[in-house]
1. At what distance in angstrom do the alpha carbon centres of the stretch 3-47 and the stretch 160-229 lie from each other?
2. For the stretch 20-147, rounded, prolate or oblate, judged on the Cα gyration tensor with a ≥ b ≥ c (square roots of eigenvalues), a/c < 1.5 rounded, else prolate if a/b > b/c?
3. Tally the DSSP beta bridges in the chain and give the antiparallel ones as a percent, rounded to 5.
4. Which of the GluC sites (Glu not before Pro) across the stretch 85-143 are loop residues per DSSP, with 11 or fewer other Cβ within 10 Å?
5. Might you report the magnitude of the Cβ-based charge dipole of the chain about its Cα centre, with Lys and Arg at +1 and Asp and Glu at -1, to the nearest 20 debye?
6. Please list 3J(HN,Hα) in residue order for the stretch 122-132, calculated via the Karplus relation 6.51 cos²θ - 1.76 cosθ + 1.60 where θ = phi - 60°; whole Hz, with x for glycine and proline.
7. So for each of 198-210, 253-265 I average, over its residues, the number of other beta carbons within 10 Å; can you give me the resulting order with the highest mean first?
8. Considering only the other residues whose Cβ falls under 12 Å of the Cβ of ALA304, what net charge follows from Lys and Arg at +1 and Asp and Glu at -1?
Amino acid sequence: MLRFEVSVEDLLRSRFALSPAMDFCLLLRSLSGLNQPLPPVWAARLKPPFERLRRETELGAVLALQTARGAPDFVAPAPRGLNQTWADDLATIRATPLEVARRDIATSATALAARDPRVRAVLDSADAVSRIAEAMDRAWHELLAPDWPQLRAICERDVVHRVGVIGEHGWATAIESLHPSIAWRAGGFEIGSFPSAGSVRLVGDGLLLIPSVFVGNIAAHLDDPWPRTLVYAARGTAALWGDQAAGPQPDALTALVGRARARLLLALDAPASTSHLARSLAMAPGAVGDHLAILRGAGLLVRARSGRSVLYRRTPLGEALVAGSS
């Protein structure tokens, strides 16, 4: 069990962020067998290009830095906020001083893969930083970039939901909702499923919360220069994997309103905009807008402006329809 000691000031400084580089490293670890396996459809699609990249590029050096505990800061830099992009992460990776990269390499590259002569030549080279960054960039564009808008939208919608929970129920409920094994206790919270035991005191910059589509359970990052961080599974990840793996499944809701509108109703377990829904469900924005208008006209949805966005949410009738379908 892992315990976090949290003060009111810590909560005031806590925030959410996205980390493309971290999710990319989680994907690489799944493809190489270090993390939980991907759903069969995703594995069948990504394994062939992954193996080809291992042969054609210096991706082996990147994989040698991946461990069951995570990736070093060199290849998974600390995120700064919700607008983080792969280009931001790649620029940080490329700017890593060689001596800093060498420290991370010495600490992380201890697996059998790191003793491969080809891999070792890259890790020991004077231009190791640029060669590793180049291999990561090519692998990103071939393995994850096509799906990233959809996956990012799922993470962004999760943050919208969690912020709503904080506003309505407070931080304790929001943190407990991240994973079933988390329980709030006086002065902090405990993660019962965590493999190692101990107590962590936040260091004045709050808690960083990162939704992910590739984390299997719940993970913590406790080492500088990262703030103390929890990485948790974003809401909608299970539906994404299930939809991708099993394909469309006929049910009463689909028979009543059609598959596309049923998907939209089910996806609106938290308020979302047209663009977020389009990205997370891989649908055309125009089609999403048309379906939302029909669902709204039928009394199943309402919409309200939030800042620059218009968010849709289910009405009580829409909630009852979804509940009855399930």
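Here, each number is a calculation from the coordinates, and none is a lab measurement. Please read these numbers as outputs of a predicted model, since none were measured by experiment. Glycine gets a Cβ as well: all are built from the backbone with ideal geometry, and neighbour counts include every protein chain shown.
1. Each part reduced to its Cα centre gives a spacing of 13 Å.
2. Oblate.
3. The antiparallel fraction comes to roughly 65 percent.
4. Numbers: sites: GLU99, GLU134, GLU142; in loops: none.
In loop regions of the stretch 85-143 (DSSP not H, G, I, E or B), there are no sparsely surrounded GluC sites (Glu not before Pro).
5. On the way: 36 positive and 32 negative charges, 126 e Å.
Its charge dipole is roughly 600 debye.
6. 5, 5, 8, 6, 5, 10, 4, 4, 5, 5, 5
7. 253-265, 198-210
8. Details: positive: ARG296, ARG303, ARG305, ARG313; negative: none.
Net charge in that neighbourhood comes out at +4.
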